[in-house]
Each structure stands twice: as C-alpha cells, then as structure tokens.
C-alpha cells in the first residue's frame with residue numbers, strides 16, 4: 001500500500017530506517033495521549049522485523065502507531081500480505097454445483113433478478129437451516145442490482161468475484177500496483193490509489209465499500225471526504241475495521257490479531273469512527289456485528305501468544321461480556337450521504 005497523504009504531527013528521519021514519528025491521533029487530531037500497547041511485532045506476516053508501540057488518544061480513545069514505516073520499508077511490510085499474494089496462489093476451481101448454489105442464493109435475495117430456480121434454491125437453503133452468515137457477510141450489505149459499486153482498496157478482487165453474474169457496474173481502487181493489471185484482466189475497471197484524484201468521480205456511486213482499508217491510511221478524514229464526494233446523494237458507504245475498544249485487545253494485548261503492526265496505522269473506537277464520519281458529512285445509519293469475527297480473531301490471537309500464557313488467556317476469554325456495539329472485535333458500519 002502507498003500513502004494517500006501525510007497528516008498529523010510528523011517527524012521523518014531518513015537515518016532512522018524509514019520510520020516517521022506520529023505525535024497526533026489520526027482520528028481526532030489530538031496530541032493528548034498515553035501508553036496504549038507496547039512491543040507489537042509482525043507475528044502474522046513477518047514482513048517487518050521491528051517492534052512497535054501504539055499510543056492511546058486521551059480524547060477519543062483511538063490507537064495509533066507512535067512510529068510508522070514509509071518508503072521502501074512500507075512497501076516491504078506488504079510483501080507477504082494476503083492481498084499481495086492471493087493472485088499468485090494456485091486457483092482451485094469451485095465445484096460447479098456449489099458455485100451455482102452460491103449464485104442462486106445471492107440472486108434469490110434480489111427479487112428483481114431472481115428466477116424460479118433461484119427462488120427454489122433460496123427456499124431449500126432456508127428450509128434445511130443452512131448457516132448463510134458467511135455468504136451474507138461476503139456481500140457487504142450491498143444494495144439490490146442494478147447499482148454502480150466501488151470497492152476502495154479492493155486487493156485481489158475477492159468482493160468482485162462474489163458479485164460475479166449479478167448485474168452490477170463494478171469499479172475498484174487499489175494501492176498495490178502489482179494487482180492492477182490482474183483485476184483489469186477480470187473485467188473490472190481499477191484505478192491506482194497512488195495517482196487517483198479527488199475529482200475522479202462526483203456523485204456517481206450507489207454504494208462504496210471500504211473493508212479493512214481505513215486503518216491502513218495516514219489520513220482517514222481525507223479518505224472519508226473523498227468517498228463522500230463520490231457517492232450519490234442518499235447512497236451508502238460500508239466500512240469495516242478493527243475496534244480499538246475490542247474485548248480481544250483487552251485479553252491478548254500485543255498479540256491481538258487486530259493490531260497488525262506496522263500496516264495498521266490507527267484504530268478508532270466506535271465513537272471516534274462516528275465522529276469522523278460526521279465530520280465528512282455522513283450519517284451513521286447502523287452497525288452490524290459479525291457473529292463469527294470474535295471466534296476467528298481470538299483463535300489467531302491465541303495461536304500468536306506464548307503457549308505458557310494460553311491457560312490464563314483461555315480463562316479470560318471465558319469471562320468476557322457478550323459483544324455489543326462498543327466492544328465488538330470489528331467495527332462494521334453503514335453510513336449514508338444525506339439526500340441534501
């Protein structure tokens with residue numbers, strides 16, 4: 001990924017192995033901070049050998065990297081990242097029946113395009129009690145087709161493949177230049193985030209998705225303002241990113257999967273994200289809690305922690321409250337551009 005812009009109070013020292021100091025919260029601009037999480041290492045992708053500290057904003061509660069990589073070090077941090085490598089992985093062809101059922105289920109959700117077989121498949125899936133939460137999650141609350149949809153930070157194009165066969169106009173913006181041509185070969189119009197201008201689109205999109213992107217950028221406010229401009233009045237933005245107030249962070253500390261230093265520059269609390277959306281002009285419409293997120297993130301966090309700590313961590317895992325909008329592992333929200 002590349003920097004969209006530089007914001008906050010920064011000190012960049014080329015002699016310091018391509019790390020820059022960041023003295024202010026990326027989500028509210030406050031320099032009032034306290035120690036957040038210290039000694040976070042890249043245990044999940046092992047692309048950066050450093051140890052990183054995160055500050056906790058005293059005003060909004062967000063976390064941000066006290067020092068973050070730039071230049072070649074930032075590029076290297078993504079060298080083994082899943083969005084960079086997934087197009088190089090061997091492609092396993094899906095079973096034709098499973099692929100048809102997936103498409104039929106998706107079509108059954110949209111009355112305008114569902115045929116008789118689609119409706120039958122949807123009814124059968126519901127009757128047998130099949131858990132469709134994973135399939136529903138992949139759709140990212142997308143509105144019914146036809147619609148003009150943008151995935152900002154589209155990675156290897158997984159979201160686009162979920163919508164294949166549905167009558168959407170699909171567009172992407174991606175940071176990783178290695179992925180641009182591969183996505184274009186799949187028939188998706190993709191722009192380079194490093195060169196795209198704020199006036200590239202003006203009120204054109206019915207829906208924009210921003211899934212696990214906002215935590216990677218140095219100026220979240222600027223990106224939200226950009227996306228607000230690109231949406232039609234009344235259209236919606238889907239956002240998902242880790243929550244700085246997640247129960248998992250309280251349990252696992254520096255081993256929590258959501259931290260992922262040094263690629264995650266900052267994580268907001270729910271209130272901080274809501275305020276950032278409001279500053280950009282959005283109305284926060286609703287929040288969705290993914291029932292599978294806690295289990296998945298905790299499993300990876302536990303695996304990253306020293307084995308000697310597992311017994312204590314498991315006891316803590318068993319004693320936490322149920323997920324709610326404030327302590328959810330992920331902040332998954334729908335925000336809307338007002339009609340006026």
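Read-outs throughout are calculated quantities, based only on the coordinates presented, and are distinct from any laboratory measurement. What you see is a predicted model; the values in this text were computed from it and never measured. Reconstructed Cβ throughout: ideal geometry from the backbone, glycine too, with neighbour counts over all protein chains shown.
The angle between the Cα long axis of helix 116-127 and the main principal axis of the chain comes to about 60°, on a 0 to 90 degree scale.
Neighbour counts of other Cβ atoms within 10 Å put 336, 286, 294 in the fewest-to-most order 286, 336, 294. Taking every C-alpha pair closer than 8 Å and separated by at least 6 residues, the mean separation divided by the residue count of the range 208-340 gives a relative contact order of 41 percent.
Between 239, 251, 208, the Gaussian network model of the chain with springs among Cα atoms under 10 angstrom shows the greatest mean-square fluctuation at 251.
For the range 10-336, the relative contact order works out to 18 percent when only alpha carbon pairs closer than 8 Å and six or more residues apart are counted. Ordered by the count of other Cβ atoms within 10 Å of each Cβ, fewest first, 130, 106 give 130, 106.
Legend: ranking of residues 209, 132 from fewest to most surrounding C-beta atoms inside 10 Å; resulting order 132, 209. With axes computed from alpha carbons, what is the tilt in degrees of helix 220-230 against the longest principal axis of the chain, rounded to the nearest 10 within 0 to 90? Approximately 30 degrees, to the nearest 10.
If you restrict to DSSP beta bridges whose two residues both lie in the chain, what percentage is antiparallel, to the nearest 5? Beta bridges within the chain, antiparallel portion: roughly 60 percent. Taking the C-alpha atoms only, the angle from helix 270-280 to the longest principal axis of the chain is near 70 degrees.
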